[in-house]
Amino acid sequence: MDFNYYIPTRILFGPGKLNELANEQLPGKKALVVISGGTSMKANGYLDRVVSLLGTQQVEAVVFDRILPNPIKQHVMEGAAIAREKGCDFVIGLGGGSSIDSAKSIAVMAKNPGDYWDYIGGGTGKGQPVEGGVLPIVAITTTAGTGTEADPWTVITHEERNEKIGFGTPETFPVLSVVDPELMLTVPPELTAYQGFDAFFHAAEGVIANIATPVSDIYALKSIELLNTSLPAAVANGQDLEARTNVALANTLSGFVESTSSCTSEHSLEHALSAYYPKLPHGAGLIMLSQAYFTFFADKAPERLTLMAQAMGKDVNSVEPERQPLLFIEALAELQKKCGVDNLKMSDYGISEEDIPKLAQNAFDTMGFLFTLDRYEMTLDDAISIIRKAYK
């Protein structure tokens, strides 16, 4: 019962909310609009809609369209250079977590000297303070996965050093976020599942983190409940707007969890996987690790896993107390099967068993801080064992 609470983002949530951008007070007159290097933002008309809505307020748009699914430092530096060159006074992240995260990091580097890694606290980062301020950030999310529209965090990979590290300051909270489930209707089933499970594990890790609070638990358990009931429906029928809206709400709630609790070492382990193998979707990596990871914690945070089992509809009173936390693992396996992601294999992405010690060490070296938020002090051997048990 001892916590601080700070989420300064104004959030417009609900179907059709993108249209309100025409009337919303914006933080500047020239936006760098950051999108992925893929085709979806243009093909689905989302970019044109945003540029048009900005135009109704006489706000200019400069488009930067190079972001990768696992965003890299090079593109952060390129985007920041364009923002400075063109005189942009705020940044819009349009798309999934990779675009919004990149927008946050670009907003930092548009106003600060040197290299982005000068400000990163893990790995080979120099951990320097961000003293030059940050351009205001607007987030318009077209996926439901990272919750980055409701937290200050951004995850970028140093592609030359295989370091994928989270970072954020109070100024990297978006000043405005638009969560319009209508923009999510075009996400394909596989990505819907991967992104939904990313949101799920933000919530689940937030529950087992040693800094969980009564407030973060409320957000996290509701997110888990919504995903358990609605993610399979959204995967099965992407046009199901009610399911999409429930999953979008779960995702934003998980962003609140990231602002009031934290991820734990599961994210450190996955970041190591996708730092070395960037074609591995982050959510897929988390799914691969999840059953082994949470089984490891079943006897170390039993009451926390029991709470999550209840949120997923399990009758925990029907089994002996020592079996109650394992009902969460059972529910997790059932949800993965319903979403068609129960047979993902690390080997399909080129990961070999020989890589496992290197990957575990990378997790400690780059995202070691999250291990301090576990309810049990995990060793390197523990981490190696978890990845081995998850390996297929």
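The values are calculated or read from the model by the stated rules, or taken from the named source; none is laboratory data. What you are looking at is a predicted structure, and each value in this text was computed from that prediction instead of being measured. Note: ideal-geometry Cβ built from the backbone for every residue, glycine included; neighbour counts use all protein chains shown. Keep in mind that these areas ignore ligands, DNA and RNA; they rest on the heavy atoms of the full protein, side chains included. Shrake-Rupley method; radii C 1.70, N 1.55, O 1.52, S 1.80 Å.
In terms of accessible area, using a 1.4 Å probe and ignoring ligands and nucleic acids, Trp153, Trp117 rank largest first as Trp153, Trp117. Taking the range 103-143, which trypsin sites (Lys or Arg not before Pro) meet the DSSP loop condition and have no more than 15 other C-beta atoms within 10 Å? Counting only loop positions with at most 15 other Cβ atoms within 10 Å, the trypsin sites (Lys or Arg not before Pro) in the range 103-143 are Lys126. Evaluated at q = 0.26 Å⁻¹, the base-10 log of the normalised Debye intensity for the range 305-368, with identical point scatterers placed on the Cα atoms, takes the values -0.93.
What percentage of the solvent-accessible surface of the range 34-83, computed with a 1.4 Å probe over protein heavy atoms, is contributed by carbon and sulfur atoms? On the range 34-83, the fraction of accessible area on carbon and sulfur atoms equals 54 percent. Taking GluC sites (Glu not before Pro) as exposed when DSSP calls them loop and at most 13 other C-beta atoms lie within 10 angstrom, the chain has its longest site-free stretch at 161-376. For the chain, the solvent-accessible area with a 1.4 angstrom probe is 38 square angstrom per residue. Set against the 2.2 N^0.38 Å expectation for a compact globular protein, the range 341-381 has a Cα radius of gyration ratio of 1.41. Summed over all non-identical Cα pairs, the Kirkwood treatment of the range 101-180 gives a radius of 13.0 Å.
Please say if the range 285-392 is rounded, prolate or oblate, where rounded means a/c under 1.5 for a ≥ b ≥ c the square roots of the C-alpha gyration tensor eigenvalues, and otherwise the choice is prolate for a/b larger than b/c and oblate otherwise? Walk me through the numbers on the way to the answer.
On the way: a/c = 2.57, a/b = 1.41, b/c = 1.82.
Oblate is the answer for the range 285-392, as a/c is 1.5 or above yet b/c matches or exceeds a/b.
Helices assigned as whole DSSP H runs in the chain whose Cα atoms extend at least 30 Å along their own long axis and whose mean Kyte-Doolittle hydropathy is 0.5 or higher are found at 214-236.
The alpha-carbon of Lys29 sits under 25 angstrom from the alpha-carbons of these lysines, leaving out residues fewer than 8 places away in its chain: Lys17, Lys42, Lys86, Lys104, Lys111. Note on Thr372 and Gln128: the extension gain reaches 85.7 nm, defined as 0.36 nm multiplied by sequence separation minus the Cα-Cα distance. Other residues lying with their Cβ under 13 Å from the Cβ of Asp180 contribute a combined charge of -1, Lys and Arg counting +1, Asp and Glu -1.
The residues Arg49, Arg161, Arg304, sorted by heavy-atom accessible surface at 1.4 Å with ligands and nucleic acids left out, run Arg161, Arg49, Arg304 from largest to smallest. Between the range 86-128 and the range 134-152, the C-alpha centres lie 13 angstrom from each other. If R0 is taken as 30 Å, the Cβ-Cβ distance between Leu380 and Tyr6 corresponds to a FRET efficiency of 0.30.
For the range 270-392, the fraction of 1.4 Å probe accessible surface lying on carbon and sulfur atoms is 50 percent. Any chance you could tell me what percent of the C-alpha pair distances in the range 199-265 go past 15 Å? Of all Cα-Cα pairs in the range 199-265, 43 percent lie more than 15 Å apart. Under the criterion of Cα pairs below 8 Å and six or more residues apart, the relative contact order for the range 1-75 equals 36 percent. Computed over the range 155-239, the range of Cα coordinates on each principal axis works out to 38, 37, 27 Å, biggest value leading.
Placing a label point 7 Å from the Cα of Lys338 along the Cα-to-Cβ direction, the residues of the range 284-316 whose backbone N falls under 14 Å from that point are 309-315.
Based on the reciprocal of the average 1/r between different C-alpha atoms, the Kirkwood radius for the chain equals 20.8 Å. Both radii come from the Cα set of the range 88-137: Rg as radius of gyration, Rh as Kirkwood radius; their ratio Rg/Rh reads 0.99. Roughly what % antiparallel, to the nearest 5, for the DSSP beta bridges in the chain? Taking every DSSP beta bridge within the chain, about 15 percent pair in antiparallel fashion.
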